[in-house]
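Report on the structure given below.
Every read-out reported here was derived from the displayed coordinates using simple, explicitly stated rules and does not represent laboratory data. Remember, it's a predicted structure, so these values are computed and weren't measured experimentally.
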Amino acid sequence: MHILDVQRRLKDLGYDTEADGVINQKNRDAMRIFQERNGLSPTGLPDTETEAALLGNDAKALEAAKQGPPDEAADALAEAAAP
């Protein structure tokens with residue numbers, strides 16, 4: 001899978017990334033969030049397991065309110081769950 005295809009798929013699933021074929025920090029952050037949400041090791045790199053998950057019908061999309069680096073997404077979830 002070409003990096004541009006990976007970026008397009010992440011973008012289609014609602015992750016905040018650029019689809020320009022260039023790997024940058026924004027792409028890595030989106031990849032890490034996708035990997036965490038899909039039970040993969042959050043490396044930020046599109047390894048074989050990540051590519052398979054991206055292509056799968058059960059790839060978990062991300063709602064716009066939860067975008068950002070992994071720590072920010074976790075913080076947002078924690079705040080939403082607080083009474």
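Summary of values
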quantity	calculated
Backbone HN-Hα couplings from phi across the stretch 15-26 [Karplus 6.51/-1.76/1.60, Hz, Gly and Pro as x]	7, 7, 8, 9, 10, 10, x, 10, 7, 9, 4, 4
In Hz, Karplus ³J(HN,Hα) per residue of the stretch 51-59 (6.51, -1.76, 1.60; θ = phi - 60°; x = Gly, Pro)	4, 5, 5, 4, 7, x, 5, 9, 4
